[in-house]
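Computed from the coordinates by the stated procedures, all read-outs in this text should not be read as laboratory data. Quantities reported herein were computed from a predicted structural model and do not represent experimental measurements.
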Amino acid sequence: ETEEAFVIGCMTPLHALETHKELNAYTNGAIRESVRHIVGVQFRNCATVGGSIFGRFGFSDVLTMFLALDTWVELYNGGTIPLAQFASMEKDNDILVNIIVKKQPLNSVYLSQRNNSTDFPVLTCAAALIDGKARTVIGARPGKAMIVEDEEGILKDFVQMNVQQKKDAAASFAAYAAEHVPTDKNMRASKEYRSLLVKVLTRRAWEEIGGRAE
Ligand SMILES: Cc1cc2nc3c(=O)[nH]c(=O)nc-3n(C[C@H](O)[C@H](O)[C@H](O)COP(=O)(O)OP(=O)(O)OC[C@H]3O[C@@H](n4cnc5c(N)ncnc54)[C@H](O)[C@@H]3O)c2cc1C
């Protein structure tokens with residue numbers, strides 16, 4: 001941790017993220033929540049953040065979480081680029097060296113739905129106010145995690161809203177997300193169930209952020 005950022009080496013195990021006091025204080029416990037359902041502690045002591053991010057797996061809780069922060073990836077050949085750009089790139093033979101989370105005023109939440117404990121997620125949702133700017137990420141759609149663009153500006157003035165306005169904005173953005181996030185079926189859930197989860201988890205995430213004292 002530096003004044004400006006958390007610099008996370010690629011070999012950092014997921015359990016170290018889960019138990020890192022400062023990183024969890026910074027993310028309101030969202031980092032812990034994003035990894036704690038992954039198999040078990042012994043597994044999370046082996047699985048690395050580098051492998052999790054470089055894999056860009058569709059089911060990834062880790063990718064969903066880090067996309068909701070001001071995250072950059074440092075590549076051995078490719079330089080330092082935003083995670084969102086990296087996530088959309090084709091896999092190559094580069095090496096992921098560090099994951100850099102730039103410190104901005106942050107309010108973040110992580111939620112996931114699983115058919116049973118420790119299974120792969122059916123849907124993942126991370127929401128954050130990054131320096132007052134709203135960002136919502138949906139993953140395990142079952143496609144790769146994506147940032148939901150708020151093209152109607154529903155959450156634009158979220159920080160200035162009163163309690164009821166925040167609740168209303170959470171509900172209308174949730175409905176908007178359910179309409180705009182592409183979902184599909186796989187062995188874990190149907191397309192329709194996933195779209196319903198997009199709506200429910202998005203609303204809950206924004207209600208939780210809205211309910212916190214600034
Ligand atoms: C049974 C099981 C259940 C799981 N459940 C979940 C879950 O619920 N949610 C979730 O988010 N994840 C889940 N995972 C994924 C897991 O958390 C890890 O992300 C994954 O197993 C990668 O593990 P690893 O760190 O050992 O990487 P590896 O398997 O070693 O690497 C993954 C890929 O990335 C490449 N790679 C690794 N490190 C780098 C690097 N630094 N630079 C460039 N390329 C690199 C490797 O060559 C490989 O292609 C699960 C995995 C398993 C096996």
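Structure shown: which of 21/144; 91/166; 102/166 lie over 30 Å apart, alpha-carbon to alpha-carbon?
On the way: 21/144 28 Å; 91/166 39 Å; 102/166 26 Å.
Table pairs above 30 Å Cα-Cα are 91/166.
Mind checking the full-extension length gain between residue 161 and residue 147? Use 0.36 nm per residue of separation minus the Cα-Cα distance, one decimal, nm. Present the calculation step by step, with values, prior to reporting the outcome.
Numbers: separation 14, 0.36 × 14 = 5.04 nm, distance 2.26 nm.
Taking 0.36 nm per residue and subtracting the Cα distance, the gain is 2.8 nm.
If you plug each phi of the stretch 184-192 into the Karplus form 6.51 cos²θ - 1.76 cosθ + 1.60 with θ = phi - 60°, what whole-Hz ³J(HN,Hα) values come out, in order, with x for Gly and Pro?
For the stretch 184-192, the Karplus-derived couplings read 8, 9, 8, 5, 8, 6, 7, 4, 5 Hz, x marking Gly and Pro.
Ratio of Rg to Rh for the stretch 107-214, alpha carbon only, Kirkwood?
On the way: Rg = 13.5 Å, Rh = 13.8 Å.
Over the Cα atoms of the stretch 107-214, Rg/Rh equals 0.97.
Using 5 Å bins from zero, what percent of all Cα-Cα pairs in the chain falls into each bin?
1, 7, 16, 20, 20, 17, 12, 5, 1, 0
Please compute the Kirkwood hydrodynamic radius over the stretch 47-114, one decimal place, Å, based on all pairs of different Cα atoms. Mind dumping the intermediate values first?
Values: mean 1/r = 0.0791 Å⁻¹.
Taking the inverse mean of 1/r over all distinct Cα pairs, the stretch 47-114 comes out at 12.6 Å.
Rounded to the nearest 500 deg cm²/dmol, what is the calculated helix-only ellipticity per residue at 222 nm for the chain, with -39500 (n - 2.57) per DSSP H run of length n ≥ 4? Don't skip to the end; give the middle numbers.
On the way: 9 runs with 79 residues, N = 214.
Taken over the chain, the calculation gives -10500 deg cm²/dmol.
Find the centroid of the Cα atoms in the stretch 141-169 and in the stretch 28-100, then give the distance between the two in whole Å.
Cα centroid of the stretch 141-169 versus Cα centroid of the stretch 28-100: 24 Å apart.
Quick one: 3J(HN,Hα) in Hz for the stretch 92-99, Karplus 6.51/-1.76/1.60 with θ = phi - 60°, rounded, Gly and Pro as x.
Running phi through 6.51 cos²θ - 1.76 cosθ + 1.60 with θ = phi - 60° gives 9, 9, 5, 10, 7, 9, 9, 10 Hz.
Quick one: what are the phi-derived ³J(HN,Hα) couplings along the stretch 73-85, Karplus 6.51/-1.76/1.60 with θ = phi - 60°, whole Hz, x for glycine and proline?
Taking θ as phi minus 60°, the curve returns 10, 9, 9, 4, 9, x, x, 9, 10, x, 4, 4, 5 Hz for the stretch 73-85.
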